[in-house]
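In what follows, a single structure is set out as structure tokens and then discussed.
The values are calculated or read from the model by the stated rules, or taken from the named source; none is laboratory data. These figures come from a predicted structure and were not determined experimentally. For neighbour counting, all protein chains shown are included, and Cβ atoms are generated from backbone atoms with ideal geometry for every residue, glycine included.
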Amino acid sequence: MKTLREKLHSQSGASILLALLFLLVCMMAAASVLTAAVSNAGKIRSNYEEQQRYLALSSALRLVAGELEQAEYRGRYTVTQWTEILTETETDPEGRPVTVTTEYHYYSVQQEPGRFTCGRLAALKADGTSDGGALLPFYKELDGVFAKEFTGTGYHPLEGDEIAPLPTNPSSGTPRTRVLTVTAEGDLEKQFPPVAVEIDMSQSRRVHLTAKLEAGTKADGSPNFYILEAELSALLAEREADGTLRPMGGGMPVIGYSPEGRMPKDQMPEGPLVTETGVITTDFDSKSTVTEETGSLLTWRLDWITREQKEAE
């Protein structure tokens, strides 16, 4: 150590060169430490941003999924019952005309827009039917599936713009995608950016959720999106007297009307009909019309949610 101090204080050229070499080693060590610190700071910032993206996406997914788990669908239909009287003129054994009446009892069933409730995501009109301006008016798609119950004489399904088609399976077809924008409120708005949640329903009535968050741009200048996905499965159930739901497996609600000996007919005559055998008149006093809902209902439960975010392709 004494020799090293003497060389450092020496005025010869070799001692100055040694000092410069020692200084260079110290500067290289300091530069390495500084580079490592900057690199670690970048990684910490990147991990923080990734965590914020994941929290924003997963929070938006769970919020929408929680609302959908409150959703319920019931099919609705109107049953019309009436009696027609056939009046015939016959001849008794003595050749005198005799009037004979025979009653025929009929019914017809008309599908109505279903009842679809979904927490804060679907509104109802005053008559209890779904509001067409609701955020998630899935009742049109579900009515399209429920319409399969209305086939044959006397059964009239909704048609045209009153129903909407579902894709043939979860990976094909043209689903009617809904897009909700989920935005944090208050102080959290600065931490969590708005997230777009796309909502599709498949032929099996499963609901697929895709949460998208825009973050930066790709090399070609197009927006870069990060996504998380989730899916809810449909469940057929009945509500017990205490309000709890009793699962019934898969499927759709079905009509619960029992004709009780009545015959189906497309429509009730508006006036008397003259036939070869006699005159048919309608007993309007016997006519009854009632709108009913299916006893079973369709509800949804969260099936799966992805654990890791990925970049949209």
Margin query: Within segment 244-313, considering only strands (runs of 3 or more DSSP E) that don't extend past its boundaries, which have at least 2 residues that are under 20 Å from the mean Cα position of the chain (by Cα)?
Written below: 245-247, 296-305
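So that you can scan it fast, the table gives a plain yes or no per residue for (1) surrounded by 15 or more Cβ atoms within 10 Å (Cβ to Cβ); (2) modelled with pLDDT of 90 or more:
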position	(1), (2)
Ala234	yes, yes
Gly251	no, no
Val254	no, yes
Leu298	yes, yes
Next item on the list: Filter segment 257-296 down to residues that are surrounded by 13 or more Cβ atoms within 10 Å (Cβ to Cβ), small (Gly, Ala, Ser) and touching a Ser or Thr at 6+ places or on another chain (Cβ under 8 Å) and give me whichever is modelled with the lowest pLDDT.
Entry: Gly278
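Can you find, within segment 79-121, the residue that is surrounded by the most Cβ atoms within 10 Å (Cβ to Cβ) among those that are touching a helix residue (DSSP H, G or I) at 6+ places or on another chain (Cβ under 8 Å) and of a type in the set (A, V, I, L, M, F, W, C)? Reasoning before the result, please.
Looking only at segment 79-121, we keep the residues that are touching a helix residue (DSSP H, G or I) at 6+ places or on another chain (Cβ under 8 Å), and these are 111, 113-116, 118-121.
With of a type in the set (A, V, I, L, M, F, W, C) added as a condition, the list becomes 116, 118, 121.
Values: Phe116: 26, Cys118: 22, Leu121: 20.
Of everything passing the filter in segment 79-121, Phe116 is surrounded by the most Cβ atoms within 10 Å (Cβ to Cβ).
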Next item on the list: Considering each residue of segment 250-271, count those that are among the small types (Gly, Ala, Ser) and over 17 Å from Gly75 (Cβ atoms), and give that number.
Entry: 2
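Suppose we keep only residues that are at negative phi, in a loop (DSSP other than H, G, I, E, B) and of a type in the set (D, E, K, R) within segment 173-223. Which one would you say is modelled with the lowest pLDDT? Full working, then the answer.
Initial filter on segment 173-223 (at negative phi): 174-185, 187-204, 206-215, 217-220, 222-223.
Checking which are in a loop (DSSP other than H, G, I, E, B) leaves us with 174-177, 183-185, 187, 192-194, 202-204, 206, 218-220, 222.
From what is left, the residues that are of a type in the set (D, E, K, R) are 176, 185, 187, 206, 218, 220.
Numbers: Arg176: 71, Glu185: 70, Asp187: 63, Arg206: 91, Lys218: 70, Asp220: 76.
Among residues in segment 173-223 that are at negative phi, in a loop (DSSP other than H, G, I, E, B) and of a type in the set (D, E, K, R), the one modelled with the lowest pLDDT is Asp187.
Table: residues versus (1) modelled with pLDDT of 90 or more; (2) in a strand (DSSP E or B); (3) touching a Gly at 6+ places or on another chain (Cβ under 6 Å); (4) under 30 Å from Arg301 (Cα atoms).
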site: Gln51; (1), (2), (3), (4): no, no, no, yes
site: Leu57; (1), (2), (3), (4): no, no, no, yes
site: Leu86; (1), (2), (3), (4): no, yes, yes, no
site: Val98; (1), (2), (3), (4): no, yes, no, no
site: Thr102; (1), (2), (3), (4): no, yes, no, no
site: His105; (1), (2), (3), (4): yes, yes, no, no
site: Gln110; (1), (2), (3), (4): yes, yes, no, no
site: Asp127; (1), (2), (3), (4): no, no, no, yes
site: Gly132; (1), (2), (3), (4): no, no, no, yes
Item checked: Pairs, first under 22 Å from Thr87 (Cβ atoms) in segment 255-273, second hydroxyl-bearing (Ser, Thr, Tyr) and exposed (fewer than 12 other Cβ atoms within 10 Å of the Cβ), C-beta under 9 Å, six or more apart -> Met263/Thr153; Lys265/Thr153
Margin query: Looking for something modelled with pLDDT of 85 or more, touching a Ser or Thr at 6+ places or on another chain (Cβ under 7 Å) and not in a strand (DSSP E or B) - is there at least one such residue anywhere in segment 66-82?
Written below: yes
Margin query: Every residue in segment 69-78 that is under 26 Å from Asp283 (Cβ atoms) and crowded, with 19+ Cβ neighbours inside 10 Å, please.
Written below: Tyr77
Next item on the list: Mind listing whichever residues of segment 50-107 are among the polar types (S, T, N, Q), farther than 30 Å from Ile199 by Cβ and free of Cβ contacts under 8 Å to residues at least 60 places away in the same chain?
Entry: Thr91, Thr99, Thr101, Thr102
Note to self: Checking Glu238 against (1) in a strand (DSSP E or B); (2) at positive phi; (3) charged (D, E, K, R), only one condition comes out false. Which one?
What the structure shows: (2)
